[in-house]
Amino acid sequence: MDINQKESVYQQAKEWIYEAGEEILSKINGPLDIQTKSNPNDLVTAVDSSTEAYFASKIRNTYPSHRILSEEGYGDRLDTLEGTVWIIDPIDGTMNFIHQKRNFAISIGIYHDGVGEIGLIYDVIADVLYSAKRNEGAKKNGVPLPKLDKGVNLNEAILGLNHFWLCENRLVDEKVMQGLVKTVRGTRTYGSAALEFAYVAEGIMDGYLTMQLSPWDIAAGIVIVNEVGGITTNMEGEPINMLLKSSVLTCHPNIHDSISKDYFKKGKK
Ligand code: 2AM
Ligand code: CA
């Protein structure tokens, strides 16, 4: 993506994300038409669908050569990341959207030939936009975020971690994950992967890990965390394949190896 196109795509995506946020706000107290997907707690609403449909129609009209990878079915069926691909979660944290009416975000990552060029995470209720362009730094509401250059030890770290992984599960030994919880200073669970990435980038959490997420949950967050010097891999420490579901570890560089090697690799089933 050339530099001029990148800037105009970034500005356009920002405009659409604010418009979509206003539309979500106008519907949040109405009947939400809630459905379930893969299990009774995997929720989707008519607002998830209409928000994604809005982005898909804007992108197809404005950038007909761009492709879309998205959660709710308005995207393309992709088997490569060639060209420019918008990776979209219209509402990340749908359970929070329904039950709490806060702590959810619109997440848009724009990748070119597989490289994350633009990341946008919009916390609609707080009206906070986290944004980044590759090699140009990350911002929170337009104000540059500092690099993660202060050292951090695991025993002083705050980690984002879903309690699910501390219960018996089929992917990781819960005893090993409990050991990690006892080692760190504190844990948090916000229920929106995109916001957890944003908080790692902001430096208010030192890491976030989970065993299974989809590309749209993390595409924007990876770009934003990268720009402040954080690292994102799968739990094995390998690069994430953006076409597949994956485990995810995004964190301050100081604690990455220890979480992956001393905990996950020991506990992996
Ligand atoms: P979602 O709200 O877009 O579904 C919750 O811990 C985080 O995990 C959210 O970012 C949520 O995204 C994501 N997630 C991914 N797959 C999920 C699933 N099957 N059920 C619930 N949350 C899921
Ligand atoms: Ca979603």
Query raised in the report: Over what distance in Å are the Cα centres of segment 169-207 and segment 15-76 separated?
Result: 27 Å
Query raised in the report: Label Lys265 and Leu244 with points 7 Å out from Cα along Cα→Cβ: what is the distance between them in nm?
Result: 1.9 nm
Report summary line: Measuring from the longest principal axis of the C-alpha atoms of the chain, the long axis of helix 46-62 (C-alpha) lies at a number of degrees, nearest 10, equal to 60 degrees
**Report entry** Restricting segment 49-112 to GluC sites (Glu not before Pro) in coil, as DSSP defines it, with at most 15 other Cβ within 10 Å
**Finding:** Glu82
Query raised in the report: So for the pair Asn39, Arg102, with labels modelled 7 Å out along Cα→Cβ, what separation do we get in nm?
Result: 2.8 nm
Report task. Report, in degrees rounded to the nearest 10, the 0 to 90 angle that the Cα long axis of helix 3-27 makes with the longest principal axis of the chain. Result -> 90 degrees
Report task. May I ask you to give the average projected area over all directions of the convex hull of the Cα atoms of the chain, in nm² rounded to one decimal? Result -> 13.4 nm²
Report summary line: Within segment 20-77, DSSP-loop chymotrypsin sites (Phe, Trp or Tyr not before Pro) with at most 15 other C-beta atoms within 10 Å are none
Query raised in the report: So what's the net charge close to Asn153: Lys and Arg +1, Asp and Glu -1, counting the other residues with Cβ under 12 Å from its Cβ?
Result: 0
Query raised in the report: Per residue of the chain, what 222 nm ellipticity follows from adding -39500 (n - 2.57) for every DSSP H run with n ≥ 4, rounded to the nearest 500?
Result: -10000 deg cm²/dmol
Report task. On a 0 to 90° scale, report how tilted helix 193-202 is relative to the longest principal axis of the chain, with both axes built from alpha carbons and the result rounded to the nearest 10. Result -> 70 degrees
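Run through segment 117-192 and list the trypsin sites (Lys or Arg not before Pro) located in a DSSP loop whose Cβ has at most 10 other Cβ atoms within 10 Å.
The qualifying sites are Lys150, Arg170.
A short reminder: the numbers here are calculations on the coordinates, not readings from a lab. Small disclaimer: the values here were computed from a predicted structure and weren't measured. Note that each Cβ is placed from the backbone with ideal geometry, even for glycine, and that neighbours are counted across all protein chains shown.
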